[in-house]
Amino acid sequence: MSNSNYLFDNAASEARQRFGALSALFDPTTFRHIEALNIGQGCRCWEVGAGGPTVSNWLAERVGASGRVLATDINTSWVSEHLDHTVEVLQHDVTQDDPPAGQFDLVHARLVLSHLPARGKALRRMVASLRPGGWLLVEDFDKVIPVRCIDAYLPEHHRANKLHAGVYALLAQRGADLEYARRLPRIFRDAGLTQVGADAYLPVAIPAGNVLSVANITQVRDALIEQQLATQDEIDAHVAAIADATITVGTPPLISAWGQRA
């Protein structure tokens, strides 16, 4: 995803680092949910706002030559790198463009919809693209409690939590819905989906969380300082504390919600 209103523009130099960290943190959870939905050989899958290549590549291996994997994003420059040759790539704005041709057994979006002001319109397009019996899987952070260090006993922990609270303030200014993830089961039922369920995964102390923190804070450094949400010294000290292994930073809970088209 890349547009002028998105805080973490995928065209930025930090995007590669962020994609790698997100993959390490959350691919196992995503894959577990897709496996539980019985997505396998011959299935047709649409990866919305694909960003990095790992989920699309895993899907391509899972559905095999008889299946189809379509990866879409507003900016496809990143998803195209290291992508399996069988994956179709399409530049596509899910809030504006019609759904891709064909009907899908799985439509998946991770860390996409909460950032889109027109998220309701996007979700309706995703639901409309499902075949009867197809599954929608949406995964997003529950950002209501912006705490990255849940056991904050050092000044470095409190500083990390302050910085990430600042990031969430910037996201809200850009139109992100910080409560969107926890509302997904209701949103799915209102969209007419059945077999709706959801769970959450909370990384507390995983090294990739540190990588993600540095990438995110570094990318929005100027905005944090400009809006007096942090100082240059606080940001530099946070990055140094992570580099020195003084602290380990987690992430918000990733809520995964799924539902089936009747």
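Do you know which of the residues in the range 160-180 that are out of contact with any Leu (no Cβ under 8 Å at 6 or more places or on another chain) and surrounded by 19 or more Cβ atoms within 10 Å (Cβ to Cβ) is farthest from A257 (Cα to Cα)? Out of the qualifying residues, it is A160.
Since V196 meets every condition but one in (1) more than 30 Å from Q260 (Cβ to Cβ); (2) of a type in the set (V, I, T); (3) modelled with pLDDT of 95 or more; (4) in contact with a Gly (Cβ under 7 Å, 6 or more places away or on another chain), which condition does it not meet? Condition not satisfied by V196: (1).
The residue list I217, I206, I235, I187 contains one member that is within 17 Å of L123 (Cβ to Cβ) and in contact with a helix residue (DSSP H, G or I) (Cβ under 9 Å, 6 or more places away or on another chain), which is I187. Restricting attention to the range 206-233, the residues that are within 21 Å of F19 (Cβ to Cβ) and either touching a strand residue (DSSP E or B) at 6+ places or on another chain (Cβ under 9 Å) or touching a residue at least 24 places away in the same chain (Cβ under 8 Å) (or both) add up to 16. Taking the range 172-191 as the search range and keeping residues that are modelled with pLDDT of 95 or more, part of a helix (DSSP H, G or I) and among the aliphatic types (A, V, I, L, M), which one is nearest to A230 (Cα to Cα)? Per the stated criteria, the residue is A181.
Give just the number: which of (1) touching a Leu at 6+ places or on another chain (Cβ under 9 Å); (2) outside any helix (DSSP H, G or I) does S213 not satisfy? Failed condition: (2).
Among the residues of the range 105-122, those that are closer than 20 Å to Y201 by Cα and in a loop (DSSP other than H, G, I, E, B) comprise L111, V112.
The set of residues from the range 226-250 being modelled with pLDDT of 95 or more, part of a loop (DSSP other than H, G, I, E, B) and under 26 Å from the mean Cα position of the chain (by Cα) comprises Q227, L229, A230.
Restricting the range 30-51 to residues that are modelled with pLDDT of 95 or more and under 12 Å from the mean Cα position of the chain (by Cα), the residue that is farthest from L123 (Cα to Cα) is T30. In the range 123-164, what residues are aliphatic (A, V, I, L, M), part of a helix (DSSP H, G or I) and in contact (Cβ under 8 Å) with a residue 60 or more places away in the chain? Matches in the range 123-164: L123, M126, V127, A160, L163. So, in the range 65-101, of the ones that are of a type in the set (V, I, T) and either assigned to a strand (DSSP E or B) or at pLDDT 90 or above (or both), which residue ends up nearest to R44 (Cα to Cα)? This residue is V69.
From the list Q96, Q17, Q103, the lone residue that is among the polar types (S, T, N, Q), more than 30 Å from N210 (Cβ to Cβ) and in contact (Cβ under 8 Å) with a residue 24 or more places away in the chain is Q103. Just to check your reading of the model, which residue among D140, D151 is surrounded by fewer than 15 Cβ atoms within 10 Å (Cβ to Cβ) and either at pLDDT 95 or above or of a type in the set (D, E) (or both)? When all the criteria are applied, what remains is D151.
Here is the figure for the range 108-123: residues that are more than 14 Å from the chain's Cα centre (by Cα) and under 22 Å from A36 (Cα atoms) total 1. A count restricted to the range 199-240 and to residues that are closer than 30 Å to R261 by Cα, crowded, with 17+ Cβ neighbours inside 10 Å and charged (D, E, K, R) stands at 0.
The values are calculated or read from the model by the stated rules, or taken from the named source; none is laboratory data. Since the structure is predicted, the reported quantities are computational estimates derived from the model, not experimental observations. For neighbour counting, all protein chains shown are included, and Cβ atoms are generated from backbone atoms with ideal geometry for every residue, glycine included.
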